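This report refers to the structure that appears directly beneath it.
The values are calculated or read from the model by the stated rules, or taken from the named source; none is laboratory data. Computed from a predicted model, the values in this text were never measured in an experiment. We place every Cβ from the backbone using ideal geometry, glycine too, and count neighbours over all the protein chains shown.
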């Protein structure tokens, strides 16, 4: 059973909205900048050179969205005091979910009482870290406003939706895991429509310190996927949301889907060299299983939106796994590989949905955007020998049915791969939001 991707909304660094995001991708822009002063004072935490001291980071940079606190609480019927006590990530998801429904041509008010599901990927909450240590100031609003479950439950409550409602934490793969779970719920008849979102907001340097101390942080704050100059992870933030529906339930007057979900699979690395160390075996298994669930092989794919963090080990393991599962392409062009992290950084809980949205827009426009830093390809990856190639410039996709894979791999070893396909070519109405 195919699943339509019928609505999209997003806010990512340097791109406030879907059209701006697509333009950013096509133009090959990067949203990295110096840490804004309203987040934290970067100079207080930066250590200029290794060895980095305790509590220090190795970069002043990251990829940030503008004005994350922008929120019309009255529109959603939320009291000012409750809104002020609520994690900004909840507010971002609520807005993005609403705009994604509008983009799908669905009046959110028409869904009241419906079995619409909500699935939200999340990895951390800096808001909670800032506000939940004031024990004397704890209030019911603050407690409710900082629960991970409320990222999804808030949307269900605000729109009166009665389908499955869950927040998902598998670290970096959270929001693509949410796509997998939502597609499964639609196929099982647990819901008739699904809102899927992923969110990440950087308000403290906590995870930046962790990445630095673990040797994972890029000194210039930029992800350089598959590049020889790749120095580690550059952090990013943002929110993305999609609306999913069974293709067989598509109304005649609905906008054309951006793409269709053909299959997916989620699995775990199990025991490896370390709990955060990626494994080729684990990645190969989920990619192959996702392809089987879609009724295809890796040779059928036209492109892959990779996890692509820009770490030396991560990029090597991922390209080895892609070569093993998708590199047997006799008579076909090499598989085009890219990663949105070159544009917006590693958005952690939102990383999977960011890559998924990029892939869906690529299907819709039948164009693979350039992958930033592709002109600095790491020769140690042996991409040509694996029948893989990076998109140095925008590449037009051929006519006919298209297939692509989207990968997202969690820090703790939970891996997910989703196979998407092209959708019927029908003109979409002018965008109204998101």
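Brief remarks follow.
- Hey, residue 88 within 20 Å of residue 190 (Cα to Cα) and assigned by TED's automatic domain parsing to the domain that holds residue 10 or not: no
- Residues that are in a loop (DSSP other than H, G, I, E, B) and surrounded by fewer than 21 Cβ atoms within 10 Å (Cβ to Cβ) do not occur anywhere in the range 236-248.
- Test: residue in the range 33-43 that is touching a helix residue (DSSP H, G or I) at 6+ places or on another chain (Cβ under 6 Å), closer than 23 Å to residue 243 by Cα and at pLDDT 95 or above: no
- Flag for residue 316 being in contact (Cβ under 8 Å) with a residue 40 or more places away in the chain and more than 30 Å from residue 61 (Cα to Cα): no
- Residues located in the range 12-51, provided they are in a strand (DSSP E or B) and within 24 Å of residue 211 (Cα to Cα): 12, 32, 33, 34, 46
- Count of residues meeting criterion [touching a strand residue (DSSP E or B) at 6+ places or on another chain (Cβ under 9 Å) and not in a loop (DSSP other than H, G, I, E, B)] in the range 127-153: 5
- Filtering 112, 33 for residues that are surrounded by fewer than 16 Cβ atoms within 10 Å (Cβ to Cβ), closer than 22 Å to residue 185 by Cα, outside the structural domain of residue 367 (by TED's automatic domain parsing) and out of contact with any strand residue (DSSP E or B) (no Cβ under 6 Å at 6 or more places or on another chain) leaves a single hit, 112.
- Filter result for residue 264 (within 19 Å of residue 353 (Cβ to Cβ), touching a helix residue (DSSP H, G or I) at 6+ places or on another chain (Cβ under 9 Å) and touching a residue at least 24 places away in the same chain (Cβ under 8 Å)): yes
- Matching residues in the range 70-96 - criterion: being closer than 17 Å to residue 152 by Cβ, in a helix (DSSP H, G or I) and in contact (Cβ under 8 Å) with a residue 24 or more places away in the chain: 88, 89, 90, 92, 93, 94, 95, 96
- Residue match in the range 334-349 (condition: in contact with a helix residue (DSSP H, G or I) (Cβ under 9 Å, 6 or more places away or on another chain) and over 28 Å from residue 119 (Cβ atoms)): yes
- Which listed residue is at pLDDT 95 or above, surrounded by fewer than 20 Cβ atoms within 10 Å (Cβ to Cβ), touching a strand residue (DSSP E or B) at 6+ places or on another chain (Cβ under 9 Å) and more than 24 Å from residue 2 (Cβ to Cβ), from 169, 192: 169
- Just one of the listed residues (282, 327) is surrounded by fewer than 23 Cβ atoms within 10 Å (Cβ to Cβ) and under 30 Å from residue 188 (Cβ atoms), namely 282.
- Those residues of the range 291-322 which are within 18 Å of the chain's Cα centre (by Cα) and either part of a helix (DSSP H, G or I) or within 25 Å of residue 187 (Cα to Cα) (or both), in sequence order: 304, 305, 314, 315, 318
- If you go through the range 153-166 and keep only what is out of contact with any helix residue (DSSP H, G or I) (no Cβ under 8 Å at 6 or more places or on another chain) and crowded, with 20+ Cβ neighbours inside 10 Å, you end up with just 156.
- Among (1) in a loop (DSSP other than H, G, I, E, B); (2) crowded, with 19+ Cβ neighbours inside 10 Å; (3) in contact with a helix residue (DSSP H, G or I) (Cβ under 8 Å, 6 or more places away or on another chain) - the single one residue 65 does not satisfy: (3)
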